[in-house]
Amino acid sequence: LGASEGSLRLTYLDVPVLMRFAGPAGAKVKVHLFAGPTAGFLLNATVETERPTSARTNVQDRFKTVDLGWTIGAGVGGTLWNLDLRYGGSFAGITDEQRLGGGAPAPVLQDVTYRSRAFLLLAGIRLF
């Protein structure tokens, strides 16, 4: 990052549409696989710099507001519980090259394609 150090934090609301393939209907514990498209809606984008001075800059206008992507995963579940491991990412870059231009604060770098990638561990309990 050169003379400055910092971090970029992006917050999305993800809406997955998943096709799920589950084990036999009568089993007490079922293994399942799933995959499908995901739409991520950008809620917040900030850069926090630590050097030379501490500052927080809103850079939401430098990123696309919708991130279309994919999710795949597997899980195991019983009658009242569920455990999933998911992996997903973007189909395309999440930045708009014209918006980054020369005015992006560090650590948002020019001439770089940013794509989202994430692992997710989900644990759930059925209440009814």
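Residue by residue, here is whether (1) among the aromatic types (Phe, Trp, Tyr); (2) surrounded by 14 or more Cβ atoms within 10 Å (Cβ to Cβ); (3) closer than 22 Å to Leu122 by Cα holds:
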site: Gly26; (1), (2), (3): no, no, no
site: Lys30; (1), (2), (3): no, yes, yes
site: Leu42; (1), (2), (3): no, yes, yes
site: Val47; (1), (2), (3): no, yes, no
site: Phe63; (1), (2), (3): yes, yes, no
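Name the strands (runs of 3 or more DSSP E) wholly inside the stretch 1-54 in which the number of residues that are free of Cβ contacts under 8 Å to residues at least 24 places away in the same chain is 1 or more. Step through it out loud before you land on a result.
On the way: elements: 5-16, 19-22, 30-51.
Hits in the stretch 1-54: 19-22.
Kindly evaluate Leu127 against the criterion of being at pLDDT 70 or above and assigned to a loop (DSSP other than H, G, I, E, B). Give the derivation first.
On the way: at pLDDT 70 or above: yes; assigned to a loop (DSSP other than H, G, I, E, B): yes.
Here the answer is yes, as Leu127 does meet what is asked.
Which residues, counting only those in the stretch 29-73, are in contact with a Phe, Trp or Tyr (Cβ under 9 Å, 6 or more places away or on another chain) and hydroxyl-bearing (Ser, Thr, Tyr)?
Answer for the stretch 29-73, where residues must be in contact with a Phe, Trp or Tyr (Cβ under 9 Å, 6 or more places away or on another chain) and hydroxyl-bearing (Ser, Thr, Tyr): Thr38, Thr65, Thr71.
So Arg51 passes all but one of these: (1) of a type outside the set (Gly, Ala, Ser); (2) closer than 22 Å to Leu121 by Cβ; (3) open to solvent by 60 Å² or more (accessible area, probe 1.4 Å). Which condition number does it fail?
(2)
Any residue in the stretch 72-89 that is closer than 16 Å to Phe21 by Cα and of a type outside the set (Val, Ile, Thr) sitting within a Cβ distance under 8 Å of a residue that is in a loop (DSSP other than H, G, I, E, B) and open to solvent by 70 Å² or more (accessible area, probe 1.4 Å)? List the pairs, counting only those 6 or more apart or interchain.
Gly77/Val29; Gly78/Lys28; Gly78/Val29; Asn82/Arg126
Restricting to the stretch 56-105, count the residues that are aromatic (Phe, Trp, Tyr), modelled with pLDDT of 90 or more and assigned to a strand (DSSP E or B).
Keep residues of the stretch 56-105 that are aromatic (Phe, Trp, Tyr), which gives 63, 70, 81, 87, 91.
Now narrow it down to the ones that are modelled with pLDDT of 90 or more: 70, 81, 87, 91.
Keeping just the survivors that are assigned to a strand (DSSP E or B) gives 70, 81, 87.
Going through the stretch 56-105 one residue at a time, the tally reaches 3.
The values are calculated or read from the model by the stated rules, or taken from the named source; none is laboratory data. This is a predicted model, so every value here is computed, not measured. Every residue, glycine among them, receives a Cβ derived from its backbone with ideal geometry; neighbour counts consider all protein chains shown. All accessible areas refer to the heavy atoms of the entire protein, side chains included, with ligands and DNA or RNA removed. Shrake-Rupley method; radii C 1.70, N 1.55, O 1.52, S 1.80 Å.
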